[in-house]
Every structure is written in structure tokens, then in C-alpha cells.
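All remarks here apply to the structure that follows.
The values are calculated or read from the model by the stated rules, or taken from the named source; none is laboratory data. Keep in mind it's a predicted model, so treat the numbers as computed, not measured. With ideal geometry, Cβ positions are generated from the backbone for all residues, glycine too; neighbour counts draw on all protein chains shown. For accessibility, only protein heavy atoms count, side chains too; no ligands or nucleic acids. Shrake-Rupley method; radii C 1.70, N 1.55, O 1.52, S 1.80 Å.
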Amino acid sequence: METLGNATFENYVGLENGYSEMAYQMVAHILTLGYAVMLAALLYFVLTINYVAPRFRISSVLSVVVMVSAFLLLYAQAGNWTSSFIFDQETGRYFLGEGQDLFNNGYRYLNWLIDVPMLLFQILFVVSLTKSKFSSIRNQFWFSGTGMIITGYIGQFYEVTNFLTFAIWGAISTVFFIHILWLMKKVIDEGKEGIPEAAQNTLNTIWILFLVSWMLYPGAYLMPHLAGIEGGFFNETGVVARQITYTIADVCSKVIYGVLLTVVAQHISKAEGYVYGEAKS
């Protein structure tokens, strides 16, 4: 295997075997879909901000911040993909271009570094904690969210060159990840107390969505090793699968999650007597 240093496996695949037209375009299109969805969702959160009582609107504001961040950084990553690989007419495949920038999933990690704390904070502005202290949960969300992303970011640089280092940083990131899951379950359980049944049911849906969508990230992180390095998914199929997995996870954990939180806020607002168009903003 030729060496590209601590580059991600997308570059090694592009250097040695290249990408078929289908694989290359699928990644390009899924990355484009990712930032397009974020832009569409941005419009949704801006237009629906007044559909909930004023005390819940900070959640919509945080969704707007998340959408702007995700759109900009995913747009940059889409450009990074198309500028890294060049079409070879002789073979009909796309190869890593000589002197071109390497493709880097770091754009996603930078996006998550901004978005994860915001996503975790959001729910705290919708539900009321009955036992826990707001500032304590907020600080724990920030600490574990940031720790999870930074350690995962470091680890992904070693996914090809040093599996042990890759696994160690991934394991550290997983500790933070488990702590976040525990905190989120605690917040949701407390938040269900004393609110309308419809809002409780939506919170149950949010927990399932959160659990499933966040579990997709470790799978994408481990993609090149799921069936053994240089075999199994260490090929264009693995590259396409990783980008599809990351994009599905991002859409679910940011857009759908934000929409469901808005629905919870609407149910509670209605129960408290707030009616859009009849109350002062």
C-alpha cells in the first residue's frame, strides 16, 4: 500500500484503485444532498419560530445556528471531494490527483464541534428538569460533547496507519458518547413529567431517534475496519457507505430532532394557552 501519511481511507482508495463513475457521483450527490437539506431546514426553523411560546424559542434559534454551521461546512466538504479526485479517461475512473488537496472528514468534525453542544442544549430549553440542575446538565453536555468530538477527530487520522492508536482514541470518544446517552435519557425522563401526553409521546420518539441516529456515527467511524483493513469495506463501497451513513445520521440527529423538539414545544405551548397569532411575541 502506498503511503499518504495519516490520510483517511477515502484517499488510499482513490490513490490505488480509484472510483467508478457511480461511486464518485454517489458521494458527490450525497454530500450535496446533505447541505441542501440543512439549508431547507434553516428556512423551516426560521419560519416556525413564532409557532411556540416565547420561552421555547431559544431552541429554534439553536436549530438555526446548527443549520447554518452544517450548511457551510458540508458545502466545503462537498467541494473538497470534487477537488481531490480527477477523472482518468484511459481507465474511466476517478483517482486522487497529484498535488490536489486530500479529502478530509475533518470538515464534519469541525461541524460537530459546533453543533453537538447546541443540539444537546436545545432540549434543555424545551423540557423542565424536575430533579437535575440546569447548569449541571448543560455543563456535562458541553464537556462530554466536546470531548467526544475532539477525541474522535484525533483518532480518525490513524484509521489506516495505526489501528491501535485509532482504536484507543475511538474508545475514549465512546466513553464520552455513553455519558451523553445516559444524560439524554435522564433529561427526557424528567422532561416527561407534568406535560401533555402528546408531548410525552413525542419525547419518547426523540429518544428512539437520538439513540438510533447517534449509533450510526460509530459505525461510519469504523467503516474501513468492519470487515478487515484492505478487504471488506476498504474500497469504494465502504467510502460510499460511510458518506451515506454520516449524512443520514446528520439529517436525523439535527433536522428531524429539531423538528420534533419544535413539536414538543408546540404541544406544551398549546396546553399553556399560547395560540399563534393571538398572543404577543
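Structure values in brief
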quantity: Selection status of residue 5, open to solvent by 10 Å² or more (accessible area, probe 1.4 Å), assigned to a loop (DSSP other than H, G, I, E, B) and not aliphatic (A, V, I, L, M); calculated: yes
quantity: Some residue of region 46-53 being among the small types (Gly, Ala, Ser) and more than 30 Å from residue 199 (Cβ to Cβ); calculated: no
quantity: Selection count, region 13-22, where residues are in contact with a strand residue (DSSP E or B) (Cβ under 9 Å, 6 or more places away or on another chain) and under 14 Å from residue 237 (Cβ atoms); calculated: 6
quantity: Residues located in region 188-213, provided they are within 17 Å of the chain's Cα centre (by Cα) and either modelled with pLDDT under 95 or crowded, with 20+ Cβ neighbours inside 10 Å (or both); calculated: 206, 210
quantity: Filter result for the condition that a residue is surrounded by 15 or more Cβ atoms within 10 Å (Cβ to Cβ) and closer than 30 Å to residue 124 by Cβ, over 41, 23; calculated: 41
quantity: Matching entry among 255, 240, 263 (being more than 16 Å from residue 59 (Cβ to Cβ), β-branched (Val, Ile, Thr) and open to solvent by 10 Å² or more (accessible area, probe 1.4 Å)); calculated: 240
quantity: Flag for residue 27 being hydrophobic (A, V, I, L, M, F, W, C), closer than 30 Å to residue 259 by Cα and over 17 Å from the mean Cα position of the chain (by Cα); calculated: no
quantity: Residue list for region 40-67, filter: under 18 Å from residue 268 (Cβ atoms), of a type outside the set (Phe, Trp, Tyr) and within 19 Å of the chain's Cα centre (by Cα); calculated: 59, 60, 61, 62, 63
quantity: Residue match in region 149-163 (condition: modelled with pLDDT under 95, under 15 Å from the mean Cα position of the chain (by Cα) and not polar (S, T, N, Q)); calculated: no
quantity: Single residue of region 26-38 satisfying the filter (open to solvent by less than 40 Å² (accessible area, probe 1.4 Å) and small (Gly, Ala, Ser)) that is farthest from residue 245 (Cα to Cα); calculated: 28
quantity: Failed item, numbered, when residue 53 is tested on (1) small (Gly, Ala, Ser); (2) touching a helix residue (DSSP H, G or I) at 6+ places or on another chain (Cβ under 7 Å); (3) surrounded by fewer than 18 Cβ atoms within 10 Å (Cβ to Cβ); calculated: (3)
quantity: Out of 97, 79, sole residue that is of a type outside the set (A, V, I, L, M), touching a strand residue (DSSP E or B) at 6+ places or on another chain (Cβ under 9 Å), without any contact (Cβ under 8 Å) to a residue 40 or more places away in the chain and open to solvent by less than 60 Å² (accessible area, probe 1.4 Å); calculated: 97
quantity: Tally of residues being closer than 30 Å to residue 135 by Cβ and either over 23 Å from the mean Cα position of the chain (by Cα) or open to solvent by 70 Å² or more (accessible area, probe 1.4 Å) (or both) across region 214-237; calculated: 1
quantity: Pick from region 63-74, criterion in contact with a Phe, Trp or Tyr (Cβ under 6 Å, 6 or more places away or on another chain) and at pLDDT 95 or above, ranking: least open to solvent (accessible area, probe 1.4 Å); calculated: 63
quantity: Selection status of residue 161, of a type in the set (S, T, N, Q), in contact (Cβ under 8 Å) with a residue 40 or more places away in the chain and surrounded by fewer than 17 Cβ atoms within 10 Å (Cβ to Cβ); calculated: yes
quantity: Qualifying residue in region 11-20 (condition: open to solvent by 40 Å² or more (accessible area, probe 1.4 Å), part of a helix (DSSP H, G or I) and closer than 22 Å to residue 251 by Cα); calculated: no
